[in-house]
Every structure is written in structure tokens, then in C-alpha cells.
Amino acid sequence: MAGHYFDESPERKSEQRVVTAQLRGKRMSFYSDHGVFSKSGVDYGTRMLLDVYQFPETEGDILDIGCGYGPIGLTLAAETTRIVWMTDVNERALNLAGLNTEKAGLFNTRIMKSNLFEALGEEKFASVIANPPVRAGKETVHALFEGAYDHLLSKGTFWTVLQKKQGAPSAKEKLETLFDSVDIEARKKGYYIFCAKKN
């Protein structure tokens, strides 16, 4: 069995490569590898999510949960003096995120291993952003939504992307049971970008 990008230790032999992408108007490059999400390049959903993301008005750190090799967290860290936390359960992805942080010369990131929010304790964030691991199943995605709400500061925002065929409408319904407001910030090619706000 080849394994999944949400496994702790990918079985596939490592074979690093460099991928480049234009993200939020800036050319970014990242080390990628087998056994991580979107290894061949930054996927459309992530690009779209980054394009429309807005930093929160409230002060506080940012959390990129399920960071993979780091395209979301590092792109945002390059734009802000806030601390950007980057977590993943996949050890290879975390190693790559560390390499990519060094490559980008960034010093405002915290990279740590965590299965969803397990290792984050009582930490609270001004914003949580995620391209969720839909292949891990609806239960995992909904647990991510619940954890995001619990780990947001008052007035905090949760940003996420889902395809219609991956259950975007039912995801919106779930978000509406948790958050005080849920907006569709963009919709294109079957992808939905949601911003959920906590009062």
C-alpha cells in the first residue's frame, strides 16, 4: 500500500524536488517530495485560498493546520510580522516545511507535529487556515472545523477551501452550526472558499 499524505510516516522512498508558484503576487519556491499533498506543485485550491485570504483585524498568531510542505504558512509568514504556526501529522511534510522556512529566510514560524489540534493545548489564534485532508474522511474534516472554532480568539477567522464534489455545501452547513457567520468568499471551477467568524 502506497499510503496517504495524512499518514505519519510515508512509505514511498524520498525523492525531493523543487516546485515554484506565484502566490499572492510573489514567486515562491518549495522543496516537495513523495508522500506529501500536491507534491508536483501548489494545487488550485490552495492558490485560490491564498488569493482571497485576508489577515484578521484581531491581534494574534496565525495557524496553518495540515501545512504539508508549507505553501500556505510560508506565503503568509512572508507578509506579516505575526507568528505563523504550521502543524502536520506527516513527518516528511514537517521536515520539508522546515527546509522551506530556512530557504525563504523566515524567522516568524513555529513548526510542530500535531494530529489536528492534539499538540496545541490551550493555544488560541487570531486566524486558522486549512486546505483540509478530505481523503481522511468527513469525520476528520468536521473535527478540524470544531477544533478551529475552539482554538480561535474572539473575533478570529477560519478560512478553508473545499470542492463541491468533496461536500462543500454540507461543510458550510457544519460550519454554520459552529461559527457566528460563514461567508463564501470565492467560488470558481467547483471550489468554494469559506471564511467563518467567531464573535
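Does the range 131-138 contain any residue that is more than 15 Å from the chain's Cα centre (by Cα), surrounded by fewer than 17 Cβ atoms within 10 Å (Cβ to Cβ), not in a helix (DSSP H, G or I) and not acidic (D, E)?
Going residue by residue through the range 131-138, those that are more than 15 Å from the chain's Cα centre (by Cα) are 137-138.
Cutting the leftovers down to surrounded by fewer than 17 Cβ atoms within 10 Å (Cβ to Cβ) gives us 137-138.
Cutting the leftovers down to not in a helix (DSSP H, G or I) gives us 137.
Now drop any that are not not acidic (D, E), which leaves 137.
Yes, because at least one residue in the range 131-138 is more than 15 Å from the chain's Cα centre (by Cα), surrounded by fewer than 17 Cβ atoms within 10 Å (Cβ to Cβ), not in a helix (DSSP H, G or I) and not acidic (D, E).
State whether the residues of the range 163-175 include one that is of a type outside the set (A, V, I, L, M, F, W, C) and touching a Ser or Thr at 6+ places or on another chain (Cβ under 6 Å). No: zero hits.
Counting only residues that are among the charged types (D, E, K, R) and assigned to a strand (DSSP E or B), which one in the range 82-110 is farthest from the chain's Cα centre (by Cα)? Don't jump to the end; show me each part of the working.
Within the range 82-110, the subset among the charged types (D, E, K, R) is 82, 88, 91-92, 102-103, 110.
Those left that are additionally assigned to a strand (DSSP E or B): 88, 110.
Working: D88: 9, R110: 14 Å.
Once the filter is applied, the top-ranked residue is R110.
I'd like to check something: does the range 160-173 contain any residue that is surrounded by 15 or more Cβ atoms within 10 Å (Cβ to Cβ) and among the charged types (D, E, K, R)? Within the range 160-173 (the criterion being surrounded by 15 or more Cβ atoms within 10 Å (Cβ to Cβ) and among the charged types (D, E, K, R)), the answer is yes, since at least one residue qualifies.
Of a type in the set (A, V, I, L, M), buried (at least 23 other Cβ atoms within 10 Å of the Cβ) and either more than 14 Å from the chain's Cα centre (by Cα) or within 20 Å of C195 (Cα to Cα) (or both): is that true of I72 in this structure?
Details: of a type in the set (A, V, I, L, M): yes; buried (at least 23 other Cβ atoms within 10 Å of the Cβ): yes; either more than 14 Å from the chain's Cα centre (by Cα) or within 20 Å of C195 (Cα to Cα) (or both): yes.
The answer is yes for I72.
Inside the range 111-130, residues that are part of a loop (DSSP other than H, G, I, E, B), in contact with a Gly (Cβ under 9 Å, 6 or more places away or on another chain) and not aliphatic (A, V, I, L, M) make up a count of 2.
So, in the range 97-110, exactly how many residues are closer than 21 Å to G156 by Cα and either modelled with pLDDT under 95 or not charged (D, E, K, R) (or both)?
Initial filter on the range 97-110 (closer than 21 Å to G156 by Cα): 108-110.
Narrowing the set further to residues that are either modelled with pLDDT under 95 or not charged (D, E, K, R) (or both) leaves 108-109.
Total meeting the criteria: 2.
Of the residues that sit in the range 81-110 and are among the hydroxyl-bearing types (S, T, Y) and farther than 15 Å from I129 by Cα, which one is surrounded by the fewest Cβ atoms within 10 Å (Cβ to Cβ)? Restricting to residues being among the hydroxyl-bearing types (S, T, Y) and farther than 15 Å from I129 by Cα, the top hit is T81. Counting the residues of the range 1-21 that are modelled with pLDDT of 65 or more and under 18 Å from C67 (Cα atoms) gives 6.
Evaluated against (1) in a helix (DSSP H, G or I); (2) surrounded by 15 or more Cβ atoms within 10 Å (Cβ to Cβ), L153 falls short on exactly one condition, (1). Considering only residues in the range 27-38 that are assigned to a loop (DSSP other than H, G, I, E, B) and either crowded, with 19+ Cβ neighbours inside 10 Å or under 12 Å from the mean Cα position of the chain (by Cα) (or both), the one that is modelled with the lowest pLDDT turns out to be F37. Residue under question is L50, and the condition is that it be touching a Lys or Arg at 6+ places or on another chain (Cβ under 6 Å), at pLDDT 95 or above and buried (at least 19 other Cβ atoms within 10 Å of the Cβ); does it hold? The answer is yes for L50.
Pairs linking a residue in the range 143-171 that is at pLDDT 95 or above and acidic (D, E) to a residue that is crowded, with 16+ Cβ neighbours inside 10 Å and assigned to a helix (DSSP H, G or I), with Cβ atoms under 7 Å and 6 or more positions apart or on different chains, are E146/L178.
Scanning the range 118-137 for residues that are among the basic types (K, R) and over 20 Å from V36 (Cα atoms) yields a single hit, K124.
The values are calculated or read from the model by the stated rules, or taken from the named source; none is laboratory data. Just so it is clear, the structure is predicted and the values come from calculations on it, not from any experiment. Quick reminder, even Gly has a Cβ in these numbers, built from the backbone with ideal geometry, and neighbours come from all protein chains shown.
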